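In what follows, a single structure is set out as structure tokens and then discussed.
No lab work stands behind these numbers, since they all come straight from the coordinates. Quick caveat: nothing in here was measured; it's all calculated off a predicted structure. Quick reminder, even Gly has a Cβ in these numbers, built from the backbone with ideal geometry, and neighbours come from all protein chains shown.
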Amino acid sequence: MSIEARYNEAKKQYKKWNIDVDQVLKELKKVPISIHCWQGDDIGGFEVNQQELSGGIDVTGNYPGKATTPEELRNDIEKALSLIPGKHRINLHAIYAETDGEVVDRDQLEPKHFEKWVNWAKQHELGLDFNPTLFSHSKADDGLTLAHPDKQIRDFWIEHCKASRNIAAYFGKELGTPALTNIWIPDGYKDIPSDRLTPRKRLKESLDEIFADTIDEKYNLDAVESKLFGIGSEAYVVGSHEFYMGYALKNNKLCLLDTGHYHPTEVVSNKISSMLLYSNKLALHVSRPVRWDSDHVVILDDELREIGLEIVRNGALDKVSIGLDFFDASINRVAAWTIGTRNMIKALLLAMLTPNEYLKQLQEEGNFTDRLALMEEFKTYPFGAIWDYYCEISDVPVGETWLDEVKHYEQTVLKHR
């Protein structure tokens with residue numbers, strides 16, 4: 001049976017529940033995923049005075065073919081995009097600036113240092129998002145940046161974040177879609193602090209100074225990202241969830257929830273509905289923690305499916321900015337992008353192929369038997385036929401055939417680096 005024939009048969013089953021599959025695919029096509037560039041080069045970046053990875057971040061593995069130039073990285077991203085259905089965004093860190101051999105410290109970065117990224121994004125009709133890089137730098141060696149006791153160090157990082165917001169606004173103006181600028185810092189202490197409040201006061205003051213300049217939200221959206229702990233900040237992180245949730249809500253910023261930044265038994269999917277009650281917009285970094293914030297490639301596990309459901313069933317596809325954040329150097333990096341992004345899209349599609357309104361009605365009526373039965377039955381509905389058809393009409397490989405293209409790319413391109 002052809003892909004289209006299987007699709008038409010599957011549509012009949014979903015139609016029984018008033019799910020218009022053709023319309024679902026039209027809506028899914030409108031949802032961009034912000035794909036992180038740093039999977040392609042193990043968060044190395046292209047600074048002339050490139051420094052060792054720090055800030056509690058570690059990339060394990062040494063799979064051949066890592067991108068070592070901006071051109072290689074962009075080519076690898078293009079390859080991954082050719083295997084992923086839909087039109088998406090690319091998320092950059094400040095360390096991916098191109099300064100043509102000139103040493104430019106991070107507080108001096110300008111839009112011109114990202115002109116090649118913008119021209120490339122225009123060529124491929126991509127939006128760009130941005131992150132100031134507050135790690136892997138001599139002024140972050142002791143694990144403190146915006147909350148540092150030394151005002152000179154705080155001021156350096158404040159200027160870097162200000163510069164980053166201006167760069168993001170440049171992206172937004174040039175590309176016609178606002179860039180999300182997300183601030184994450186590694187600040188914290190390895191052992192039990194004697195004062196938790198003062199560093200948080202300094203962080204609040206630093207953020208207030210960073211956001212003092214108003215930038216039109218047509219061009220730039222500001223987000224702040226929390227974390228529970230990290231290597232070197234096991235006992236205390238200045239930018240906790242409570243800190244950033246309060247700051248974001250009070251100052252009309254996006255609160256960004258990273259799925260790896262919470263307790264092992266704490267899930268982001270359970271936070272989304274609560275956050276949406278108090279905030280018009282929310283941002284996600286979707287990763288996969290294995291016992292800790294280990295940033296494994298996203299798989300179609302229960303939590304990813306629940307994240308998709310919480311976004312879709314609450315009508316929040318236009319309220320939640322979905323970004324990815326994982327880095328695995330033990331497998332083919334183009335494959336990592338492809339697996340993770342396709343799985344994020346699959347989770348959304350599964351949620352859109354669920355009779356959410358009817359299931360809500362059953363819950364309100366107290367009919368928990370039917371609710372549970374149907375939620376379980378829909379796990380084996382012919383979702384695969386819908387996914388395959390979506391890939392086919394999107395001109396990307398169907399099923400596992402994308403892996404053949406990755407293997408060919410590895411043999412013809414990656415092995416020669």
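May I ask for the Rg/Rh ratio of the stretch 358-411, computed from Cα atoms with Rh as the Kirkwood radius, given to two decimals? Reported Rg/Rh (Cα atoms, Kirkwood Rh): 1.32.
How long are the semi-axes of the equivalent ellipsoid of the stretch 31-352, taking √(5λ) for every eigenvalue λ of the Cα gyration tensor, in whole Å from largest down? Don't jump to the answer; show the numbers that get you there.
On the way: eigenvalues 134, 115, 82 Å².
In descending order the semi-axes read 26, 24, 20 Å.
Full-extension gain between Lys360 and Glu217, please, as 0.36 nm times their residue separation minus the C-alpha to C-alpha distance. If you can, show how the numbers build up before the last one.
Details: separation 143, 0.36 × 143 = 51.48 nm, distance 3.42 nm.
Full-extension gain reported as 48.1 nm.
Taking only the alpha-carbon positions of the stretch 1-89 and ignoring solvent, what does the Debye formula give for the base-10 log of I(q)/I(0) at q = 0.19, 0.21 Å⁻¹? Result of the Debye calculation: -0.95, -1.07. Neighbour counts of C-beta atoms inside 10 Å place Val396, Val406, Val224 in the sequence Val396, Val406, Val224, starting with the fewest.
With both labels modelled 7 Å from their Cα along Cα-to-Cβ, the Asp208 to Thr369 distance reads 5.9 nm.
With the simple model of a label 7 Å out from the Cα in the direction of the Cβ, Ile331 to Lys26 spans 3.5 nm. Taking the average, over residues, of other Cβ atoms within 10 Å as the packing measure, peptides 338-350, 166-178, 382-394 rank 338-350, 166-178, 382-394 from highest down.
If R0 is taken as 30 Å, the Cβ-Cβ distance between Lys415 and Glu115 corresponds to a FRET efficiency of 0.45.
What FRET efficiency do you get for Glu71 and Ala316 if R0 is 41 Å and r is their Cβ-Cβ distance, rounded to the nearest 0.05? Numbers along the way, then the final one.
Details: r = 37 Å, r/R0 = 0.91.
Computed FRET efficiency for Glu71 and Ala316 comes out at 0.65.
By other beta-carbon atoms within 10 Å, ranking Ile185, Ile331, Ile153 with the fewest at the front produces Ile331, Ile153, Ile185. Enter the Cα centre distance for the pair the stretch 321-391 and the stretch 188-234, rounded to the nearest angstrom. The two parts, judged by their Cα centres, are 33 Å apart.
Expected output is a single nm value to one decimal: the length gained when fully extending between Glu377 and Arg196, i.e. 0.36 nm times separation in residues minus the C-alpha distance. What is it? Numbers along the way, then the final one.
On the way: separation 181, 0.36 × 181 = 65.16 nm, distance 4.88 nm.
Working it through step by step, the gained length comes to 60.3 nm.
Of the chymotrypsin sites (Phe, Trp or Tyr not before Pro) found in the stretch 234-317, the ones in coil according to DSSP and having at most 16 other Cβ atoms within 10 Å of their Cβ are Trp292.
Can you list the residues of the stretch 318-348 with backbone N under 11 Å from a point 7 Å past the Cα of Asn62, pointing along Cα to Cβ? Flagged as within label range: none.
The residues neighbouring Pro32, those whose beta-carbon lies less than 9 Å from its own, together hold a net charge of +3 under the Lys/Arg +1, Asp/Glu -1 convention. In loop segments of the stretch 178-217 as defined by DSSP, the GluC sites (Glu not before Pro) with at most 13 further C-beta atoms inside 10 Å of their C-beta are Glu217.
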